[in-house]
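The values are calculated or read from the model by the stated rules, or taken from the named source; none is laboratory data. All of these numbers come straight from a predicted model, not from anything done at the bench. Reconstructed Cβ throughout: ideal geometry from the backbone, glycine too, with neighbour counts over all protein chains shown. Quick note on the areas: whole protein, heavy atoms, side chains included, nothing else; ligands and nucleic acids left out. Shrake-Rupley method; radii C 1.70, N 1.55, O 1.52, S 1.80 Å.
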Amino acid sequence: MRTAARPQIGDRATSDVVVRLRTPEGRDEWLYCHSAVLAAGSDYFADRLSDAWPTCQILDSRYCVEVRCPDLDLSSHVTALRLLYAAEPVSRFGVRGALGVLQAAEHLSCGRITAACADYLESAPWDEADEEEILATVPSLGGAQYDRVLARIRPADPAPATAIFLSAFRHATAAASRELKSAAQEQLEYMLTEDDDAPLLALDANSGSDTVKSQVKHFVAGLLSRFNNFTSSALTKQIEAPSSNNGEIQQELHSFVSDISWMSQVLGKLDMMRCLAAYWVGASSDVVAAVEAACPGSECLKTRLKVVEISAKVLEAVAFGNVVLPAERRCHAVNVWIGFAGRTKHLVDQANCGDEDNSTSCDDGNNGDAETTAKIDLDGEVWQSLESAVSAIVMTLPSNTQAEILSMWLQSNHAAFPDLTEAFDAWCYRSKVAKRRLSFLNNINLTP
């Protein structure tokens with residue numbers, strides 16, 4: 001005996017029910033179907049075709065079931081009805097097609113089809129447009145069965161977020177490939193940036209911040225230790241053979257200071273600038289000596305500017321009191337960086353606009369260096385923050401120390417930057433009125 005063939009949608013000869021799909025805009029589509037297939041695959045049709053639901057009998061003893069659906073979902077409802085007859089891989093419709101079928105199947109209570117659509121959407125790759133459409137569609141469907149579809153875009157728990165932060169920080173500060181390091185640095189900075197959304201990682205008292213900060217300090221110390229070893233060896237190489245391997249040293253130096261510049265941005269967001277500031281202030285002389293040796297004159301201006309950028313961050317932290325250092329170390333820092341910043345600013349201005357003895361314009365590339373033919377400079381706010389920080393630190397030092405620093409500044413060939421006029425004005429005023437303002441100290445000292 002032959003097995004009865006499975007009915008086919010649209011087979012008018014065997015159909016016993018007509019499904020009329022209607023939209024509010026007046027579009028409709030008539031499909032010749034079979035009540036047994038509809039009722040088996042759809043709870044909606046099982047109810048509509050039951051004896052408890054009144055139906056309208058039309059010609060040829062067929063019943064008509066009218067289904068109202070949004071105009072845009074008409075084709076998706078047709079597809080859902082066809083899938084009741086012949087199971088097809090949902091993947092053939094793509095992500096957005098599967099979303100439409102999912103909505104129609106949910107409307108018609110087709111459990112097998114909704115499960116297949118959810119399985120596909122959970123496992124398929126999404127592009128940005130797919131993701132936005134899924135966010136606009138799936139949550140409105142309700143039901144815990146769709147939670148897995150949204151699992152990939154839900155907020156991560158604190159533990160895995162912290163783990164990936166620390167792993168990325170290790171790569172960002174390690175001697176890893178530049179491509180991986182750059183990706184880690186970019187994403188870490190994004191994770192900690194407060195924009196329209198809160199930072200991904202919040203280091204509060206309840207989030208295990210001590211453990212995180214301890215590991216961050218370890219990674220920072222590793223990078224600074226390698227940099228310290230490099231500056232020592234670079235100085236030795238320059239002394240022994242001034243012209244050998246200069247390009248290699250310059251490249252490695254730029255890589256180091258780029259990493260430290262990035263680190264200064266991140267440590268500021270983590271309130272951990274002391275990890276860098278204490279080292280940078282102590283190593284100021286060695287850093288400047290290494291940079292001056294490897295990048296004499298206008299060579300490697302980008303490297304020199306990175307060093308200025310780091311120093312601005314460090315001195316700003318000291319000036320604002322976020323990092324507390326004794327007067328001797330503050331004095332040493334400003335003495336070193338006033339000179340370096342002034343020389344670098346002068347070199348930048350020369351490279352970009354030509355020096356006083358050369359009338360060639362900036363665009364003519366008067367220095368003969370491909371790097372300096374284009375405009376190279378820092379954001380104006382960096383120069384300003386460095387200048388303000390140096391001036392503020394100078395004003396915190398003992399008056400005699402201030403006088404020494406200001407005297408050297410006034411005698412410098414690059415006194416235009418940093419401009420310490422504010423500190424100079426403050427020193428003159430304080431010094432002139434000091435005896436009158438502090439006269440009571442003599443009386444206090446004379447009391448037994």
Probe 1.4 Å - accessible area at Ser258, Å² to nearest ten: 30
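Go ahead and estimate [θ] at 222 nm for the chain from helices alone: -39,500 (n - 2.57) per DSSP H run with n ≥ 4, summed, over the residue count, rounded to 500. Display every interim value, and only then the final one.
Details: 18 runs with 271 residues, N = 448.
Roughly -20000 deg cm²/dmol at 222 nm, from the helical runs in the chain.
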Computed accessible area, Leu31, all protein chains, 1.4 angstrom probe, square angstrom: 10
Charge context of His218, other residues only, Cβ under 14 angstrom, K/R +1, D/E -1: +3
Solvent-accessible surface ranking, highest first, for Lys302, Lys269, Lys432 at 1.4 angstrom: Lys432, Lys302, Lys269
Stretch gain in nm, segment Thr421-Ala176, where the contour uses 0.36 nm per residue and the Cα spacing is subtracted: 83.7 nm
Rounded accessible area of Arg437 (nearest 10 Å², 1.4 Å probe): 120
Alpha carbon convex hull of the range 218-325, volume per residue in cubic angstrom: 89
Centroid-to-centroid separation of the range 84-132 and the range 11-51 [C-alpha atoms, Å]: 21
Gyration tensor (alpha-carbon) shape descriptor, the range 159-208, a/c threshold 1.5: oblate
Flagged links, alpha-carbon separation over 25 Å, of Lys237/Lys345; Lys217/Lys302; Lys217/Lys306; Lys181/Lys217; Lys313/Lys435: Lys237/Lys345; Lys217/Lys302; Lys313/Lys435
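Tell me whether the range 277-321 comes out rounded, prolate or oblate; compute the Cα gyration tensor, take square roots of the eigenvalues as a ≥ b ≥ c, and use a/c under 1.5 as the rounded threshold.
Values: a/c = 3.92, a/b = 1.80, b/c = 2.17.
Oblate, since a/c reaches 1.5 and b/c is not below a/b.
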Listed peptides 75-84, 339-348, 221-230, 152-161 by packing density, highest first (mean Cβ within 10 Å): 75-84, 339-348, 221-230, 152-161
Distance between modelled label sites at Val433 and Ala289, nm, 7 Å Cα→Cβ extension: 4.3
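Relative contact order of the chain, please, whole-number percent, based on alpha carbon pairs below 8 angstrom and at least 6 residues apart.
8
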Rg(Cα)/(2.2 N^0.38 Å) for the chain, N = residue count: 1.63
Bins of 10 Å, starting at 0 and running to the largest distance - Cα pair percent for the range 32-137: 14, 44, 28, 11, 3
Convex hull volume per residue for the range 75-184, taking Cα atoms only, in Å³: 123
